[in-house]
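The values are calculated or read from the model by the stated rules, or taken from the named source; none is laboratory data. These numbers come from a predicted model, not from an experiment. Reconstructed Cβ throughout: ideal geometry from the backbone, glycine too, with neighbour counts over all protein chains shown.
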Amino acid sequence: MPSIVCTAKASYKKLPGTLELTDSHLQWIQDGKKNPSVRVPHQDASSLFCSKEGAAQVRLKLGLVNDDAGHNFTFTTTPQEVAYSERETFKTELTNIISRNRSSGVLAAPTAQTPKGPVTAASTLTPSKAATPAVLPASRASTSRATSVVSDGRTPILSGQDAATVFRLRKRVLFANPELLALHKELVMGGQITEAEFWDGREHLLLAEAATENQKRGRPGQLVDPRPQTVDGGEVKIVITPQLVHDIFDEFPVVAKAYNDNVPNKLSEAEFWKRYFQSKLFNAHRASIRSSATQHVVKEDPIFDKYLEKDDDELEPRRLRDEVSNLFINLGATLEDHVETGNERDVTMQAGRQRGALPLIRKFNEHSERLLNSALGDAPPSKRRLVNGGDVENSFSEIEYDDLQDHESSPGILLEMQDRRRSSREVIDVQNAFKDLLSRMNGWEGRFSQLKIERKSSEAALSSMTQNVAARLDTKATKSDFPPGLFRQLTTCQTAANEFLRQFWTSIYPPPSDLPTPIPTAAQRSAKAAKMAGYLGKTHEKVDALVRAAVLEGVEGNRVVIAMKPLMDAVEHALAFHRARSTALGGGASPEKPGSKLV
Amino acid sequence: MCDLKRTLDATGHCVLEMPSGTGKTVSLLSLIVSYQQFHPTKRKLIYCSRTVPEIEKALSELKRLMKYRISCAETPEQREKEENFIGLGLTSRKNLCIHPEVSKEKKGKVVDARCRDLTNSAVCEKGRANPGSVELCDWHENLGTHEPGTLISPGIWTLADVLQHGRDNGTCPYFTVRRMMPFVDVIIYSFHYLIDPKVADQVSKELSKDAIVVFDEAHNIDNVCIESLSIDLTRPMLDSAARSVTKLGEKIDEIKITDAAKLQDDPEDTFMANPALPDDLLNEAIPGNIRKAEHFVAFLKRFVEYLKTRMRVLHVVAETPLSFLQHLKDITYIERRPLRFCAERLQSLIRTLEVNRLDEYSALQKVASFATLVATYEKGFLLILEPFETDNATVPNPVFHFTCLDPSLAIKPVFEHFSSVVITSGTISPLDMYPKMLQFTPVVQETYPMTLTRNAFLPLVITRGSDQVAISSRFEVRNDPAVVRNFGSILVEYSKIVPDGIVAFFPSYLYMESIVAAWNDMGILNEVWKNKLIFVETPDANETSIALENYRRACDNGRGAVLLSVARGKVSEGIDFDHNYGRAVIMFGVPYQYTESRILKARLEYLRDAYRIRESEFLGFDAMRNAAQCVGRVLRGKTDWGLMVFADKVGYMTSCFDSIANPSRTQRFARADKRAKLPRWINQYITEVASNLSTDMAVTLSKLFMRTISQNPNENQTGVSLWTLEDIEKAQAKQREQALLLEQEGQQGADNMDEDEYGDGGIEDEVFMNVDL
């Protein structure tokens, strides 16, 4: 069976199914069927097309060597971000394959299309006429970016998730972590422990994965500024995507208003956009001060000129806002703190002399604020005031220096002593003892000068040290080279046993879990411990088998034993503990609190 | 603290430079408060800061300090004493008003005027005698029911606290503070309330002479001084003043008919009562020819007309006050003496006439104070008439600048009136510049280094872009596309590698506005948008505050943002970009002042003539203190860290050369403009390598720095930058030893005794004890 590189849920010709990329083929299997209905060998892949990020559907189109129409897959996994990232995985893999195909010359006739550049999705229309800005129905509801931006702040709760999601998460974790994957293959696929047991205690990995998955991309920060491309004949064209339409509506509500007012009664969709891009309104919306220079070129437009607002280039903004209540950052308060005095500032220091730049600057600030609000939610100023100002602690936090805080002055833990009197007597004893010591120390100089070291013993010590060092060097120089096969076996044996040990000890001392997983009952735990102990008991045999295998391969069995010694010790310890406990409990009666007895 | 105490004991002035973000405010406050509490004389503390955010911050520091002191008090009496300590902050009516209608007004001036209409004594009398006849401010009225001195319970009240207190109790916060002023131990307000004679007259005149005055963040104090005595007059202002004069005249005629007696006893009480003006003005009676109301109005009319004619000139005129007065006398027969009393007389007239909506008369008030100033000072002032706004403008928009050139004039009364004045800031090197400019002799003049267990900040000087084109904000090249692009690429690169917030400062608004537009057209900002949000300082303060708030939200959220603002602008003053709010500061160019400005030229000339401060020296000093100020905003505390990027070829190179060049070289090239003007605590960390970098090298260095600095800072700082009690005792012992040694040396060579006068910590203690006995 060829190994699967990546899989994803995808529909093909509107039928749900699974798309798989193996190391030789790309195949698609319809749900409920066994055999793939589409199967493309790697050599046949010649080009790749993807829908744009943020498009309504996450699509991937594979062009074939002898068939430009190729196959069209739509990734159906929800949420869309996941589908998108799955598509990305496919895309990178396929891109590699295609470029390999090209370089190796398998491809008979190079196609004219660009190999991997993400071409606009099929839903994006190309302009029909050169000068006419192309238009398409704005499917606003489906393309709304705002929904994708708001990341639901709650932490993902695994137990509340359906099995499919958990499965997907597990798969992702495994694929991201090859060692874990190997272990999983060994133990779970080998049937030694169950899937659930394997993941027990590894929830944090899943949680982390779920968290990264839930972290959605925010809105890209760039300004909405459709830049016309100039094509031959001095005509310009602007490609409109649903995304762009949505952005424009979002950024300039006045355009949305105009759209609602005029389409489709007075203007057709295409006409609307054509006229918009030629209007003064569009020029006013463009984020450039040069646009004002082109103002005179622009034609009058009775429809759009109605919506034209005056340039926001006065010193005071047109839209008045509430004052910032936080005095720490209120600049206006300073300005009004005293009557203005002095000469006016020189020309360069008078703000707002470049009239043209003011609307631009305001646009930046507003755009940034909008982005921020879309991510954080628009807290009304009054609410923010409560959060920011008012309370004393908060205003102190503004002035506090971290480093001047005395972190070390914790109250300390009182030592609880059973018999204080005795201990105090001991203190006195210590003083006495110290005096004793002091008295005994008298005249140490004389005695020290009499000290002689035997020649023989010192030499012996030195030589033993040398030997020790030499032995160490020896072992370092001669690397214990197990044959690779045996070494791999050793490692797998080691990791498997480690896993069992982990399971064993977690069942005995459940970790202080803040995870939402249901905590298993004591009976369950002891059953599990017994099971694990059973597995651990077999470790000995396994190691013996390894030793035998080693001998066959021509390696000293002793070395294997030494290598596995720490592991064996740990296993022995665990087994001894288990035996002791089960006898103490008199045959598996559930312990109340196994941890507390040990302390 | 020792130095400070020495100053207080000696009742003299001092200049202290302490690196920003090391707890300057709190150490000043804690010493002075202890001092106040210990001595029975109860010297008042007047703590001046620059901006409202800083005032608020100082108040919270004080509040916290007092909380600590109360918790540490040993006996109940002490505790009570600490609890009775009162500290308040004062700001304008606009910021403290809670009247539902008045506080809605946009302009501070209007708020002031409307507030006066509702609260002045005449109206109040009328209102109380006959309730309902005139509108009064309830909040102000409620104050009257309290005993003076108990308007607010003892303790420390921040501005926000006072506002809340006002809302809760239905009393006016502004007047609460104003009336509590004689009773408080600490008052915190902005420089202007002490320096500006117009304001100081109303607010600060009751403050006793032995008060301790602290000017915090005082690196710009000379500018504040100059501003407080400079006045601009424009054509529209003169027109408005003329209208006001006419209105006054009408009002006088009206009152003459209805209430002639009122005018009769009008000028009786008018003696100048301004502590901030020179003494000779204080006790002089108002000259007879403007004592009568109608005469005064005619006088004003003539003066305004004269100014209007002057404005018609189409070439630049610069003259001294003396020649102006001479010309004035020749044309209009207006003498100097009555002119001097113009402002005061106008005030009294307005009071007598019970004029409402004072804000409409502001232009006239300005003209009057112009008259007073021009007639009062002979030296250190210049009148400049600029008919055109810029050199290539064709439509005249005449401005009559009356500009103060000598900062010592405004602050002189302060130094004379108060015995101890402390001037302190993070960036006031070279230290000797301030005493020179402000004309005072400090008792103590110290700069303190910063001790860091790790280099918490990395100053870098980028002199060329990755393409090796030198970058500079010099006027000739700054709009060169290559330079603009290189500046842009610095921003792009840093927006990629720096987490959270980046603050970028430009030398001027004009430059920022043009470069932002250029960057946008070059697509540079699109690159930045990919990594961070962009916020820009706008002309409107409130708008900028909102942008700032959002900037901080973006930094908190982790999205990260870039704030583009202007050195010397609104944002650069008093807003801290500590921790995640500013992981990197980028200075695009050197924030030199606009050297073509005539006012600046005049000032430079004056500095050269009067104090022998060279033009280039002053310009460099001024630019560097602003740069250092901008850059210093990113550090607060030792666990904080930040990058400081200076992007300019010439400016920073020369300024930091001094510290790295060897002494012999410094002596050889000891030119004034090569002196280190960045404060020492920044300068000492600029290595030779880091002072001449291209963009890509700088980015590599920064990455390296950030990787090391982002490690857990929880190493033990004790012994290095945090001292335990033993460490301090050790240091003191060492100091004493040294002093002893010095003394012995002194006895041996008996002639250099006077040197260790200040090196000894023991003498003060004796003095201290003697005082108590």
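Overview of values
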quantity: Checklist (1) out of contact with any helix residue (DSSP H, G or I) (no Cβ under 9 Å at 6 or more places or on another chain); (2) part of a loop (DSSP other than H, G, I, E, B) applied to A:PRO264, failing item; calculated: (1)
quantity: Any hit, segment A:492-515, residues being over 28 Å from A:ALA208 (Cβ atoms), at pLDDT 80 or above and part of a helix (DSSP H, G or I); calculated: yes
quantity: Helices (runs of 4 or more DSSP H) fully within segment A:159-202 counting 3 or more residues that are of a type outside the set (A, V, I, L, M) and within 21 Å of A:GLN80 (Cβ to Cβ); calculated: A:163-176
quantity: Evaluation of B:THR372 against (1) β-branched (Val, Ile, Thr); (2) over 30 Å from A:ARG353 (Cβ atoms); (3) modelled with pLDDT under 85 (one fails), failing number; calculated: (3)
quantity: Residue count, segment B:198-234 (criterion: surrounded by fewer than 22 Cβ atoms within 10 Å (Cβ to Cβ), in a helix (DSSP H, G or I) and away from chain A (no Cβ under 14 Å)); calculated: 0
quantity: Residue that is surrounded by 10 or more Cβ atoms within 10 Å (Cβ to Cβ) and modelled with pLDDT under 80, where the choices are B:GLN748, B:GLN717, B:GLN711; calculated: B:GLN717
quantity: Segment B:86-112, subset touching a residue at least 24 places away in the same chain (Cβ under 8 Å) and in a helix (DSSP H, G or I), residue farthest from the other protein chains (Cβ to nearest Cβ); calculated: B:VAL102
quantity: Odd one out for B:ILE46 among (1) surrounded by 15 or more Cβ atoms within 10 Å (Cβ to Cβ); (2) facing another protein chain (nearest Cβ under 10 Å); calculated: (2)
quantity: Only listed residue being crowded, with 20+ Cβ neighbours inside 10 Å, out of contact with any His (no Cβ under 7 Å at 6 or more places or on another chain) and more than 8 Å from chain A (Cβ to nearest Cβ), chosen from B:VAL571, B:VAL590, B:VAL536; calculated: B:VAL590
quantity: Some residue of segment A:469-485 being hydrophobic (A, V, I, L, M, F, W, C), touching a Gly at 6+ places or on another chain (Cβ under 9 Å) and at pLDDT below 80; calculated: no
quantity: Criterion: among the polar types (S, T, N, Q) and under 25 Å from the mean Cα position of the chain (by Cα) - qualifying residue of B:ASN142, B:ASN223, B:ASN169; calculated: B:ASN223
quantity: Total residues in segment B:472-491, condition within 13 Å of chain A (Cβ to nearest Cβ) and buried (at least 22 other Cβ atoms within 10 Å of the Cβ); calculated: 1
quantity: The one condition in (1) assigned by TED's automatic domain parsing to the domain that holds B:LYS366; (2) out of contact with any Asp or Glu (no Cβ under 9 Å at 6 or more places or on another chain); (3) modelled with pLDDT of 85 or more that B:GLY249 fails to fulfil; calculated: (2)
quantity: Tally of residues being of a type in the set (S, T, N, Q), over 11 Å from B:GLU513 (Cβ atoms) and either out of contact with any Asp or Glu (no Cβ under 9 Å at 6 or more places or on another chain) or surrounded by fewer than 20 Cβ atoms within 10 Å (Cβ to Cβ) (or both) across segment A:344-367; calculated: 0
quantity: Failed item in (1) within 10 Å of chain A (Cβ to nearest Cβ); (2) surrounded by fewer than 24 Cβ atoms within 10 Å (Cβ to Cβ); (3) within 24 Å of A:LYS363 (Cβ to Cβ), with B:THR544 passing the rest; calculated: (2)
quantity: Test for A:ALA460: is it exposed (fewer than 13 other Cβ atoms within 10 Å of the Cβ), at pLDDT 80 or above and within 30 Å of A:ASN558 (Cβ to Cβ); calculated: yes
quantity: Residues (free of Cβ contacts under 8 Å to residues at least 60 places away in the same chain and either touching a Lys or Arg at 6+ places or on another chain (Cβ under 6 Å) or polar (S, T, N, Q) (or both)) located in segment B:152-175; calculated: B:SER153, B:GLN164, B:ASN169, B:THR171
quantity: Candidate set: segment B:473-524, residues that are outside any helix (DSSP H, G or I) and of a type in the set (Phe, Trp, Tyr); chosen: the one nearest to B:GLU596 (Cα to Cα); calculated: B:PHE475
quantity: Single condition B:LEU460 does not satisfy, out of (1) touching a strand residue (DSSP E or B) at 6+ places or on another chain (Cβ under 6 Å); (2) over 24 Å from B:ALA623 (Cα atoms); calculated: (2)
quantity: Candidates B:ARG345, B:ARG340, filtered to the one that is surrounded by 20 or more Cβ atoms within 10 Å (Cβ to Cβ), assigned by TED's automatic domain parsing to the domain that holds B:VAL355 and touching a residue at least 60 places away in the same chain (Cβ under 8 Å); calculated: B:ARG345
quantity: Members of segment A:340-369 that are of a type outside the set (Asp, Glu), more than 7 Å from chain B (Cβ to nearest Cβ) and either over 26 Å from B:LEU525 (Cα atoms) or not in a helix (DSSP H, G or I) (or both); calculated: A:ARG345, A:ARG355
quantity: Qualifying residues in segment B:154-197 (those that are part of a loop (DSSP other than H, G, I, E, B) and aromatic (Phe, Trp, Tyr)) - the one nearest to the other protein chains (Cβ to nearest Cβ); calculated: B:PHE191
quantity: Checklist (1) at pLDDT 85 or above; (2) part of a helix (DSSP H, G or I); (3) more than 10 Å from every other protein chain (Cβ to nearest Cβ) applied to B:PHE577, failing item; calculated: (2)
quantity: Candidates B:LEU525, B:LEU458 - the one that is farther than 22 Å from B:ARG568 by Cβ, more than 33 Å from the chain's Cα centre (by Cα) and surrounded by 22 or more Cβ atoms within 10 Å (Cβ to Cβ); calculated: B:LEU525
quantity: Residues that are within 12 Å of another protein chain (Cβ to nearest Cβ) and either under 15 Å from B:ILE586 (Cα atoms) or surrounded by 24 or more Cβ atoms within 10 Å (Cβ to Cβ) (or both), drawn from segment B:492-510; calculated: B:SER495, B:PHE506, B:PRO507, B:SER508, B:TYR509
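Yes or no, residue by residue, for (1) crowded, with 22+ Cβ neighbours inside 10 Å; (2) not assigned by TED's automatic domain parsing to the domain that holds B:VAL213:
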| residue | (1), (2) |
| --- | --- |
| B:PHE381 | yes, yes |
| B:PRO387 | no, yes |
| B:SER419 | no, no |
| B:GLN468 | no, yes |
